[in-house]
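Undergrad: Here it is: the structure, laid out below.
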Amino acid sequence: MAYHTNKEEIVTTMARIIGGIAVSHTPTIGFAYDTQKQHDPVWEPIFKGFEPVREWFKAQKPDVLVYIFNDHVTSFFFDHYSAFSLGIDKEYAVADEGGGVRDLPPAPGHPALAQHIGASLVADEFDMSFFQDKPLDHGFFSPMSVLLERANDQWPTTVVPLQVGVLQFPIPTAARCYKLGQALRRAVESYPDDLRVAIVSTGGLSHQVHGERAGFNNVEWDQQFLDAITHDPARLAQMTHAEFAALGGMEGAEVIMWLIMRGALSGNVKKVHSSYYLPSMTGIATLVLEDQSVPTPGQVQERHRQHMATQLAGAQSLTGTYPFTHAVSLKAYRVNKFLHRMTQPAHRQHFLSDEEGAFAAAQLTVEEQDLVRRRDWRGLIHYGVSFFMLEKLGAVVGTSNLHIYAAMRGESLEEFLKTRNASVLYSVAGKDSAKAADWDKTRK
Ligand code: FE2
């Protein structure tokens, strides 16, 4: 996203953080909702605690929730585990955690705000990871289903999910979470659109679900934590993971995610609701804080947007150069995924034996099919395909990298090879690509 503003003109329209919400995300909340336990005396206090938060959302009508949660090794597995993963997708489906998918609609995303937040956090030296095409588990949907009223089965607001990897150590410190929250505030408040944004953190309170200490709770600590997160978050930010685990259980240490929400608010907050109930394994808490601070001056936001734009300033004017941004990635995700799957033998065999069938199965658009069918290397780049997908397709169809470079430049292979010190052909083809030997025949 570019901010080509007139130097004299300061953009005063900006997104505003209207409040911070924190809630537990234990699966019991979603279970109680799905099995309609609203009037069961055991479960009723959960709904009573959530009711004022639900009313707050109804009255405040946020346009976007920045929704902080942790996945429970459902969509984010140990094959690639990240500390802070921001969702940039158009929508988020419900994950199957082993018992089928809950009957909830996908949550609509806000890709433009997500991209802005991502760019801002990275500019502020938080090396984020970014995700799309991932369903979200109970860490996200368990509280969502009880917090927001849905008319005609539609969610009333959009979301920007932020997944925090708290299950495989080392994990971010409490202090880092608090600082990320402060950076999140700069990110949201510099977004040049009049959006009402609520920051929602989920997780906790005290619980432990593994080992001989399973079932650990500490009601007294939970009460102290609820007070400290409101009035003294800096003290919580000094605590170690082990200190959180000793006081609130190992899995209860996920409450460090609440510090992201708290960091995104000013020191001047008003607590408008808080509740606590311990039915089984986890202290279920809700908290609503409203920020009472005055808006930051527009010049501060403008300066931050210029800071965000620094790294890529000028890159857009380099000829024949197309930075692979989130906007590009999102637009061309389907065709990039189709070509990425060329790393799987079954997919590439399907493609080689029945190209049209493979296009249809992947639901490529007519334009995407045409670009791949014609091996339009330059057109694919212009469309938003990563070069590293092109070389995979090249390996499958027997086209060398040098053929692709030449085609992108609009030159013949011979013309392009004359510009190289050595006239060689190569690709990323492995032992499956028997066509490599054809290259010399196709040189012309
Ligand atoms: Fe959790």
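The values are calculated or read from the model by the stated rules, or taken from the named source; none is laboratory data. Note that the structure is a prediction, hence the values are computed from the model and not measured. So basically every Cβ, Gly included, is an ideal-geometry build from the backbone, and we count neighbours across all protein chains shown.
Undergrad: Checking the structure you have, find out if any residue of the range 333-342 is farther than 18 Å from R378 by Cα, at pLDDT 95 or above, surrounded by 14 or more Cβ atoms within 10 Å (Cβ to Cβ) and in contact with a Gly (Cβ under 8 Å, 6 or more places away or on another chain).
TA: No, the range 333-342 has no match at all.
Undergrad: Next question, about the same structure. What pairs come up if the first residue lies in the range 64-75 and is among the hydroxyl-bearing types (S, T, Y), the second is within 11 Å of the ligand (Cβ to nearest atom) and not in a strand (DSSP E or B), and their beta carbons are under 7 Å apart, counting only those six or more places apart or on different chains?
TA: Close Cβ pairs (under 7 Å, with a partner that is within 11 Å of the ligand (Cβ to nearest atom) and not in a strand (DSSP E or B)) amount to Y67/F140; T74/D137; S75/D137.
Undergrad: Within the group L195, L184, which residue is within 18 Å of L86 (Cβ to Cβ), modelled with pLDDT of 95 or more and over 18 Å from the mean Cα position of the chain (by Cα)?
TA: Just a single option satisfies the conditions, and that option is L195.
Undergrad: Follow-up. On the basis of being in the same structural domain as A175 (by TED's automatic domain parsing), touching a Pro at 6+ places or on another chain (Cβ under 7 Å) and either away from the ligand (no atom under 16 Å from the Cβ) or part of a helix (DSSP H, G or I) (or both), does E149 make the cut?
TA: Considered against the rule, which asks whether it is in the same structural domain as A175 (by TED's automatic domain parsing), touching a Pro at 6+ places or on another chain (Cβ under 7 Å) and either away from the ligand (no atom under 16 Å from the Cβ) or part of a helix (DSSP H, G or I) (or both), E149 comes out as yes.
Undergrad: A further question follows. Please verify whether T13 is surrounded by fewer than 23 Cβ atoms within 10 Å (Cβ to Cβ), among the hydroxyl-bearing types (S, T, Y) and within 24 Å of Q292 (Cβ to Cβ), treating the condition exactly as stated.
TA: yes
Undergrad: Let me ask something else about it. Are any of the residues in the range 234-254 in contact (Cβ under 8 Å) with a residue 60 or more places away in the chain, within 14 Å of the ligand (Cβ to nearest atom), within 19 Å of V166 (Cα to Cα) and surrounded by 23 or more Cβ atoms within 10 Å (Cβ to Cβ)?
TA: Going through the range 234-254, the residues in contact (Cβ under 8 Å) with a residue 60 or more places away in the chain turn out to be 236-241, 244, 253-254.
Still in the list and also within 14 Å of the ligand (Cβ to nearest atom): 244, 253-254.
Next cut, within 19 Å of V166 (Cα to Cα) only: 244, 253-254.
After this cut, where a residue has to be surrounded by 23 or more Cβ atoms within 10 Å (Cβ to Cβ) as well, the list is 253-254.
Yes, the conditions are met somewhere in the range 234-254.
Undergrad: Find all pairs meeting these conditions: Cβ atoms under 8 angstrom apart; at least six residues apart or on different chains; first residue within the range 88-99 and closer than 19 Å to S129 by Cβ; second residue of a type in the set (S, T, N, Q) and surrounded by 17 or more Cβ atoms within 10 Å (Cβ to Cβ).
TA: I88/Q115; I88/Q132; D89/Q132; A95/T74; A95/S75
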